[in-house]
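Derivation of every value follows stated rules applied to the coordinates shown; laboratory data play no part. Keep in mind the model is a prediction, meaning the values are calculated, not measured. Cβ coordinates were reconstructed from backbone atoms using ideal geometry, including for glycine residues, and neighbour counts include every protein chain displayed.
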Amino acid sequence: MIRLGFVNNSPHTITLIPLRSIFSVSTTIKRLSTFQALNSSKACQMSLRLDETTEEEYASQSKLLQEFTSISNIDKAWVFKSDWGSQAMFSVSQPNLLANKRRKFSLSANISKEGNNSVNFQWTPFPVEMIGVSTIVPSPSGSKLLVVRNPENESPTQFEIWAQAHLEKEFLIPQSVHGSVYTDGWFEGVSWNSDETFIAYVAEEPSPSKPTFSGLGYKKGGSTDKDSSSWKGQGDWEEDWGETYPGKKQPALFVINISSGEVQAVKGITKSLSVGQVVWVPSTEGWYQYLVFVGWSADTRKLGIKYCYNRPCALYAVKAPIYNSEIKEPEVKDSLTEDLPVLNLTQSISSAFFPRFSPDGKFLVFLSAKSSVDSGAHSATDSLHRIEWPTDGKLSLHAKIVDVIPIVACAEEGCFPGLYCSTFLDNPWLSDGCTMILSSYWGSCQVVLSVNVLSGDVLRISPSESLFSWNVLTLDGDNVVAVSSSPVDVPQIKYGCLAEKETEGDAWRWMNVSSPIFSYSEKVRSLLSSLQFNIMKIPVKDVSRCLTKGARKPYEAIFVSSKSKKTDKCDPLIVILHGGPHSVSLTSYTKSLAFLSSVGFSLLVVNYRGSLGFGEEALQSLPGNVGSQDVNDVLTAIDHVIDLGLASPSNVSVLGGSHGGFLTSHLIGQAPDKFVAAAVRNPVCNLALMIGTTDIPDWCYLEAYGREGKTFFTEAPSAEHLSHFYSKSPISHVSKVKTPTLFLLGAQDLRVPVSNGLQYARALKEKGVEVKIILFPNDIHSIDRPQSDFESFLNIGVWFKKYCKARG
């Protein structure tokens, strides 16, 4: 999948003060002064090249962007039960521009319900900064907390076990045992067993030894000595998992005894499997303890896996390396034996991940991207499944897989459009033991759903009339802690309870949570309060084509604009295009887009057909038609807002990243008189060039050829294939482009290598089109390091202001 985070993600933002604030007031002032001095220094350097007006824009917009940038994200949350009631803990992060990193914090609150209509969170006065922490994982009871600190260079991985008021244990795991623990959200798996004595986790397998050389040649047996008379060679090259995983080649499974610190690798797993998302099987007294994990096979090549749900995977069971003389060996056929150490639980389905056991351990639920795997699309409609789990330890190769939520091809208006779920809670269960709470895309919104995994009943429990996006953070018993936001509303924590009496069909009541963590400046508050948004339905124009019912249905666009219109003149319009193409732009708060709308632009955020959240038929209409169907959908959406008098046809610019950059580059070539300015972030400009350099060459085939592309895919494309790729690419229209274009490129991008954007930019320069290129030497596809993200959107704002007459 080709996408960038500035459109697709839905960050939940908070503002925090570091715990070290006892002495940090003066330090903070000094740091702000330093940052302002750096800005002034850069402005002085810019003055050698910039006119006075542009320089003023840099100065004014940078101050405002800093205010938006300082807001933090909620990354995870947990609720613990104690003698004093419920306590919530939030893991949050905040950009640190000077250090070019994200600070991590922990902030807690006691929860008390005050009657049926209010809830009170009593917040601790200060957060605690988590310096050097890779991940934190509470134990099932909440009495212990695992803190993992991954190594830098060749230092050991650090495991800390914390109790309520002190550090209980600390272990250092050397590189000879394993490399970094995976904390990426995909391979990541850290799981406590039920009695909290062992932790299973995923970490990089130890690197094979490398050859040692000296002035006399090769040293037999290598050397551990670090001296100037020898050096380590490179050894055999090994494939990694592509974008965001450089150097990460073999995620493997380990178990640590938290009493002794002994670490054991889980035996029996073939090297052809990369493992992740491990969970303990709920223990059954007298039987072996088992682990369930996700395995991805890669016998020939590891294709990029970030955002790529079309990689086949399965659920496997394996015995945990825990030895106890009192444990009985199950006398069953098809169970885990020396001859069959690892059992594939989902052989009949092409994709299975996010395993979750019911509280009573009687069934295992998992998500599947079988539609994505089978079609080749890098993301598609999900399905949910259930396996009955044998409580007597008799595991079977032939477990029946029950469909809980099937793939929805085309939903009726207002009905459930299918499951689009990017993650699960670690503990998603209500007290009935069969109802899961999860977040899913529903058109241009994210909503909270309850799913009865026995009956298959699906209920939208976030307010059905709300155009906001909602994301579940954690559960407090049968209550839900979520966050709600919109393009013009900074996130708000919400607390959901089952209503005692249903009113007008709403079974859930949602209360606002008063919180100090969502504070933001009065200026930001004033700017956002002057904005409004709505979701537009855009009718499909190309109905003459042989389209499925789902592909003929209207698609959506989010329109953000000023509330007051003092004159007949419209604000300049920025068209925002998400990547993927099988992703979606949500009605959630996004700092970068809130900034752009606050400096005088209306925004048209288009969810063209092929986006997630609208049913499988609409999604599958795009592969094979990229560069035409998606381009026409965007042009139709632009004409729609112009016809409504909401935008001027002479004041439209366009912004997109990745596949959104592909679309942007196509638009300025196919409709050269439509746009006054354009900006692209790591754009796909030439598929014929990309096919040989990207970590996902199969994506090029699927999107250019459609379903046939899965059959055509080869690492050695023919001249005919290359010609087809070129014809589908924006570079085939480059001779018609005249729109001034800003390029923002990450030099370490493995998904859309920097050569793609540079070739197109150079071609535009060659024909005299105004081009500006900013290359970030240490950034990958997302260009999301704090300084890079800041500089990107500052330049985007200034670039568009240069060519558009905006308010403010």
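At-a-glance table
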| read-out | value |
| --- | --- |
| For the chain, calculated [θ]222 nm from helices alone, where every DSSP H run of n ≥ 4 adds -39500 (n - 2.57) | -6000 deg cm²/dmol |
| Taking all pairs of distinct alpha-carbon atoms in the chain, Kirkwood radius in angstrom | 28.1 |
| Linear extension gain, Ser431 paired with Ser514, 0.36 nm per residue minus alpha-carbon span | 27.2 nm |
| Packing-based order for 408-414, 465-471, using average beta carbon neighbours within 10 Å, highest first | 465-471, 408-414 |
| Relative contact order computed over the chain (Cα-Cα under 8 Å; 6+ residues apart), in percent | 11 |
| Estimated distance in nm for a label pair at Asn96 and Leu758, the labels positioned 7 Å out from Cα along Cα-to-Cβ | 3.2 |
| Cα gyration tensor category, rounded, prolate or oblate, for segment 68-145 with a/c compared to 1.5 | oblate |
| Proximal charge balance of Leu667 [Cβ under 14 Å; K/R count +1, D/E count -1] | -1 |
| Approximate spin-label separation Ser348-Ala507, in nm, with each point projected 7 Å along Cα-to-Cβ | 2.9 |
| Principal-axis tilt of helix 24-46 within the chain, Cα atoms, nearest 10 degrees | 40 |
| Cα centre as origin, Lys/Arg/Asp/Glu Cβ charges: segment 670-719 dipole, Debye | 160 |
| Charge-dipole axis of the chain as Lys and Arg at +1 and Asp and Glu at -1 on Cβ define it, positive-most pick from Gly615, Ile796, Ala399 | Ile796 |
| Full-extension gain in nm, Gln175 to Glu388, via 0.36 nm per residue minus C-alpha separation | 72.8 nm |
| Leading residue at positive end of dipole, segment 498-642 (Cβ point charges), from Val560, Leu527, Val575 | Leu527 |
| Modelled FRET efficiency - R0 41 Å, Leu167 with Lys113, Cβ distances, 0.05 increments | 0.80 |
| Positive-end extreme of charge dipole, the chain - chosen from Ser782, Ser108, Ser155 (charges on Cβ) | Ser782 |
| Stretchable slack from Lys541 to Ser209, in nm (0.36 nm times residue separation minus alpha-carbon distance) | 113.5 nm |
| Inter-site label distance for Ser727 and Arg525 at 7 Å from Cα along Cβ, in nm | 5.9 |
| Efficiency of FRET between Asp236 and Thr423 - r from beta-carbon atoms, R0 22 angstrom, step 0.05 | 0.05 |
| Residues Tyr495, Tyr520 arranged by fewest to most Cβ contacts within 10 Å | Tyr520, Tyr495 |
| Three-way shape call for segment 657-730 based on the alpha-carbon gyration tensor, with the a/c threshold at 1.5 | prolate |
| Point-charge dipole on Cβ atoms (K/R +1, D/E -1) for the chain, about Cα centre, debye to 20 | 2280 |
| Under-5 Å amide H pairs with Val281, H placed in peptide plane, nonlocal only | Tyr290, Leu291, Val292 |
| In order through segment 195-212: 3J(HN,Hα) via Karplus (6.51 cos²θ - 1.76 cosθ + 1.60), integer Hz, x for Gly, Pro | 8, 6, 10, 10, 10, 9, 7, 10, 9, 5, 4, x, 5, x, 5, 9, x, 10 |
| FRET efficiency, Ser229 to Asn153 (Cβ-Cβ, R0 22 Å, nearest 0.05) | 0.50 |
